[in-house]
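Chemist: Right, I'll just put the structure down here and ask away after.
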Amino acid sequence: MNNSTVEWFGRIATDRISKSPAFARHMLADVFRGFGVVSRLKKGPDLPGRGRLMYSCNEMMATSLLAKKDTVLVSIFTPCEVMHAMDLNLVFPEGLSCYMTASSCEKIFLDAAEANGVPESYCSFHKELIGIAQKGMLPKPACVVNTTMVCDANQLTFRWLAEYYGVPHFVLDVPQHYDERSEAYLTRQLRDMTAFLEEVTGRKLEKKKLAEVMACARRTLENYRTILALKAERYESLKMTAHMIDSFAFHVLLGKKEIEEDSQVLIRDLEKLPKKRQALRVLWVHVLPYWQRSMAEIFNYNDRVEVVACDMTFDHLDNEIDPRYPYESMARQILTDAYNGPADRRLNRALRYARDLNCDGILYFCHWGCKQTQGASVLAKQKFEKAGFPTLVIDGDACDPRNIQDGQMVTRVGAFIEQLEAERA
Amino acid sequence: MIGYVCKYAPVELLAGFGQEAVPVSSEADNFDCAQNCTHMNMCSHMKALIENVKGKNLRELVLVNCCDSTRRAYDVLKRDMDFIFLMDLPHVQNACSRQHLEDELLRLAEAYRDYSGRSFDYQRFADSFQFEPRHIEGKYIGVLGARVGDQLLAQLRSLVPCQVEDFCCNANRFLDDPPADPKDILTPAEKELPLEAQDTLALKKVLSWYAEELMAQIPCMRMADIQRRKVLVDDPNLLGIIYHTVKFCDFYGFEYEMLRGKTEIPMVKIETDCTLQSMGQLSTRIGGFVESLGMRKEKLMRKDGKYFAGIDSGSTTTNVAVIDRDGNIVDSATVRTGAKAQKGAEKAFAQLKKVNPKDIALVVATGYGRQNISFANDDVTEITCHARGAYQLNPKVRTIIDIGGQDNKAISLDENGNVKNFAMNDKCAAGTGRFLENMAKVLEIDLDQISEIGLHWEEDLNISSMCTVFAESEVVSLIADNKQIPDIVHGLNKSVAAKTMTLVRRARGTGAYMMTGGGARNRGVVGCVEDLVGEPVYVPEDPDLCGALGAALFARDGALGLGAEEADLREA
Ligand code: SF4
Ligand code: SF4
Ligand code: SF4
């Protein structure tokens, strides 16, 4: 869809949402689905693998909107292999916020949340999500599961959602540092989580099935490592949305057969691209404002500058999953995640990939309300620049158009690109 | 000296090492250091911590993994400290999490031992448990929410004429006494073990007990299960709640909302940024709240004279209303306040045409400058005065929407005209008169024009930014897009109205509505508010005079020797 179509659609959807949420849910589900099918089948500017990944994510988002039995509401960093092995439906509301913003109907949700007292300074993904629930766009789940990892918003929103729907809530308390004791603590909780899910849904987890899912997750992450290695030597014409899709697909949907297949297709696509890095290469830290017209104009399908990767897609690649020990593996996976623990861990990881991916510079995006990212912005700039990467720290919002200064952002990003060009020359 | 901020910090463990832990809880003068080493949108409490650590040259610090802002404060502080430790605090409470906290306590103990070269002494540890159970007699006002700084607490105490108890996140620190001898904790069977084994086991069990004690405190909002927080509001002696939130902290805003829906106890919310507060808004909010609880102290004396005056000393204008014994307005004046409230009030008095100031029996002041007018006999907050004035003008009104120069308020009234609830905008100017004034400048039109021009719109434009600075750049780009001025003004009016409606909702306002203040003169804004509330809004003939009228009515009550509560002259 082009921009004016999106806005037109957004107006219609907003109108429907306020009149009949049930109808609007079905309408949006159909649109997400339809859009997914188109991106998979039609030949567009994106690689076929990208289209497939988009399709898989859209399918999931569409399902999120339709009330289904045995649905679990999870946060993005929740390990979902157990849920996949039990064939549970997942709703991953942060993604839903993204999709709603992409459909240009965020305002009604953001307003609803603020009117109900959600702090203005709250992360807009989560603010929107609360509004989505309040507007009746999120069907009641069977239960809520989240981790305490990454940010406070997880804690607050998911507790709020569990209370709002009056459903059981399970919290995975993630320790900050990685040692044997922490691993044991988290492993125990993950086992408890399985028991919790079994009790809530009445289904049984089959060990064999879990091992299969874990093996698939392992192969999928290996594929993703290959994808990044291929991208290190190539230019890919793509849009910012692709990185958000990657972070959804390789977290919440990790362990699903489709994603493994999609990633294989993407590998084959990338192998066909010439080994050439003509465009300027930017590593993006944190979420991307894919909805923002001016940013899309700069970064989408541009052979002058490319966002090579986003640090939300390689936070969890350092650990090897061992399917024989699923719980220990999941625990390690979380504990070694770049987003867990001190800021240095995340920054060092970004730096390593900036080198490996042959990047020219790093763009550090301070999303509105995201204290964990904002708080480390000065450290990031110092560290990255010391390592030789020109760095732009920029304030913006990946969800809520009301919190940005568009003109200033364009100027700053423009100047940054010019700086990178000058360095290359 | 080792600093700490959280009630879960293991202060006693450090005492066992002979180290005194001191709470770092004062406000900051500014955020100069914090601005240089982190982002301005970090929670103000942590920015104040950074200022305190740097300003006071604190060398040792124990933090608890409370929230994103604390974790990042740790990250930016850690390079320049002699000793800094971030203790992982579990979010859930069960046997496993207790074990995890015990592990963390051990990790801290080892780190501190290695750093300081000191060793742990049980006696010192045990002696440091000096908790006096909180003893409250009689009725009190509770301060809840995010921690308040020392000075803010002192200010609150000075503004409230009854006991104020601090129940903020870090103020409920209370632990039971430990065993006199660690071995008391051993079971008879364990006491059969060799002595050395007994010592080791006893210490481990004490640590485990200590972890449990720490977790057994009243949970703060950062814990997953917050059921036990109920005790904080479950007390018949609790007269009212001052709910404190910190700018850029998200935890406590959620609880405030939850409480608002659940408790009948009167509540007022204050948000601060952990700097030394300008007393202005704080004293209005707390003053208005105290008055709404019927706790106003009467200071008036009987005096002779025919007339009663109210002065509303606002940030932009000063209004005076003079009434007779029957509550009829007999004279009034409006002047610009200027730099000093006193001067403004004198000027306004000098402009009275019909009444000789000598015939005025009593003067009550209200508004920002109310405490700085020497010839006023008493002062009452603008919240209470607005309510009083509005009820006099139209007893059907249940919600007053006041759009002033710097402040917007929504006040909801009960059927007797008493304040039920109120909400004010935070520091930011979005949606206030100042906001429209700025935009008028950008559009190169004057304020009178702006109130007319917005009525003649054709294209329905939206100004999405709430922030004044952002909205300004939005307006600039709309001008650049050749949009029509009336359409832009209409967009601005809508955004002012929308912003105001969030206050109305917060105050739980219902119809009938009345608008006062300078904003009520703007017919475009009034129209947009009417669209949003879905009914006509009553605008008094002189919308700026409502607060002054209320003050004058209080002056009349005082002169007749009646307390604010009993005064039932309103119907007369
Ligand atoms: S943007 Fe930041 S605050 Fe928001 S969900 Fe992501 S990590 Fe949390
Ligand atoms: S919110 Fe809880 S963890 Fe955080 S400082 Fe307060 S008491 Fe400590
Ligand atoms: S005020 Fe809020 S954000 Fe700040 S340290 Fe306390 S809990 Fe964390």
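Chemist: Distance in nm between label sites at B:Leu532 and A:Arg324, each 7 Å beyond Cα in the beta-carbon direction?
Modeler: A separation of 6.4 nm, rounded to one decimal place.
Chemist: Quick one: compute the contact order of the stretch B:408-539, relative version, from alpha carbon pairs under 8 angstrom and 6+ residues apart, as a percent.
Modeler: In percent, rounded to a whole number, it is 30.
Chemist: Normalising by the residue count of chain B, find the relative contact order in percent from Cα pairs under 8 Å and 6+ residues apart.
Modeler: 12
Chemist: What pairs in A:Lys140/B:Lys230; A:Lys383/B:Lys247; B:Lys7/B:Lys47; B:Lys78/B:Lys204; A:Lys209/A:Lys257 have C-alpha atoms more than 22 Å from each other?
Modeler: In this structure, A:Lys140/B:Lys230; A:Lys383/B:Lys247; B:Lys78/B:Lys204 exceed 22 Å between Cα atoms.
Chemist: Using only the Cα atoms of chain B, what are the Rg and Dmax in Å?
Modeler: 28.4, 98
Chemist: Here is the link list: A:Lys19/A:Lys107; A:Lys275/A:Lys386; A:Lys207/A:Lys256; A:Lys127/A:Lys371. Which ones come out longer than 18 Å on Cα distance?
Modeler: A:Lys275/A:Lys386
Chemist: Treat each spin label as a single point 7 Å out from the Cα along the C-beta direction, and report the B:Lys230 to B:Ser119 distance in nm.
Modeler: Distance between the two pseudo-spin positions: 4.8 nm.
Chemist: Ok, one more. Computed FRET efficiency, Cβ-Cβ of B:Gln484 and B:Asp177, R0 60 Å: what is it to the nearest 0.05?
Modeler: 0.20
Chemist: Amide H neighbours of B:Asp166 under 5 Å, counting only residues 5+ apart in sequence or on other chains, H built in-plane at 1.01 Å?
Modeler: Hits under the 5 Å cutoff: B:Val143.
Chemist: Applying the Karplus parametrisation 6.51 cos²θ - 1.76 cosθ + 1.60 with θ = phi - 60° to the phi angles of the stretch B:29-45, what ³J(HN,Hα) value in whole Hz is obtained for each residue in order, glycine and proline being reported as x?
Modeler: 6, 7, 10, 4, 5, 4, 4, 6, 10, 8, 9, 5, 8, 5, 4, 5, 4
Chemist: Can you give the % of DSSP beta bridges in the protein assembly as shown that are antiparallel, to the nearest 5?
Modeler: 25
Chemist: Any idea what the relative contact order of chain A is, in percent, if you count C-alpha pairs under 8 Å spaced at least 6 apart?
Modeler: 17
Chemist: As a footprinting exposure proxy, order B:Phe349, B:Phe375, A:Phe248 by other Cβ within 10 Å, with the fewest listed first.
Modeler: Neighbour counts put them in this order, fewest first: B:Phe375, B:Phe349, A:Phe248.
Chemist: Just to be sure I follow the rule: in the stretch B:391-491, considering lysines 8 or more places apart or on different chains, how many pairs have Cα atoms under 30 Å apart?
Modeler: 7
Chemist: Show me, for the stretch A:402-412, the HN-Hα J-couplings you get by feeding each phi into the Karplus relation (A = 6.51, B = -1.76, C = 1.60, θ = phi - 60°), rounded to Hz, glycine and proline as x.
Modeler: 6, 9, 10, 10, 4, x, 5, 4, 4, 4, 5
Chemist: To make sure I understand, if each residue's beta carbon is the centre and we count other beta carbons within 10 Å, what order do B:Glu271, A:Glu199 fall in, fewest to most?
Modeler: A:Glu199, B:Glu271
Chemist: While we're on this one: What does the protein assembly as shown give for Rg and for Dmax, in Å, if only its C-alpha atoms count?
Modeler: According to the Cα coordinates of the protein assembly as shown, Rg and Dmax are 30.8, 98 Å.
Chemist: While we're on this one: From a point 7 Å beyond the Cα of A:Arg352 in the direction of its Cβ, which residues of the stretch A:283-317 have a backbone N at a distance under 15 Å?
Modeler: A:311-317, by backbone N distance to the label point.
Chemist: Rounded, prolate or oblate: which fits chain A when a ≥ b ≥ c are the square roots of the eigenvalues of the alpha-carbon gyration tensor, with rounded for a/c under 1.5 and prolate only if a/b beats b/c?
Modeler: In terms of gyration-tensor shape, rounded.
Chemist: With unit charges on the beta carbons (Lys and Arg positive, Asp and Glu negative) and the dipole taken about the Cα centre of chain B, which residue among B:Cys67, B:Tyr122, B:Cys385 sits farthest to the positive side?
Modeler: B:Cys385
Chemist: Further question: Between A:Lys68 and A:Leu273, what is the spin-label point distance in nm, taking each point 7 Å from the Cα along the Cα→C-beta axis?
Modeler: Placing both labels 7 Å beyond Cα along the Cβ direction yields 3.1 nm.
Chemist: How far is helix B:546-559 tilted off the main Cα axis of chain B, in degrees rounded to 10, range 0 to 90?
Modeler: Result, in degrees: 90.
Chemist: Something else now. State whether the stretch B:20-170 is rounded, prolate or oblate according to the following rule on the C-alpha gyration tensor (a ≥ b ≥ c being the square roots of its eigenvalues): a/c under 1.5 gives rounded; otherwise a/b larger than b/c gives prolate, and the remaining case gives oblate.
Modeler: oblate
Chemist: Residue by residue, what Karplus-based ³J(HN,Hα) values in Hz, rounded to whole numbers, does the stretch B:450-462 have, using 6.51, -1.76 and 1.60 with θ = phi - 60° and x for Gly and Pro?
Modeler: Taking θ as phi minus 60°, the curve returns 4, 6, 8, 4, x, 6, 9, 8, 10, 8, 7, 8, 10 Hz for the stretch B:450-462.
All of the numbers you see were taken from the coordinates with simple rules; none came from a lab. Here the structure is a predicted model, which means the values were calculated and not measured. Reconstructed Cβ throughout: ideal geometry from the backbone, glycine too, with neighbour counts over all protein chains shown.
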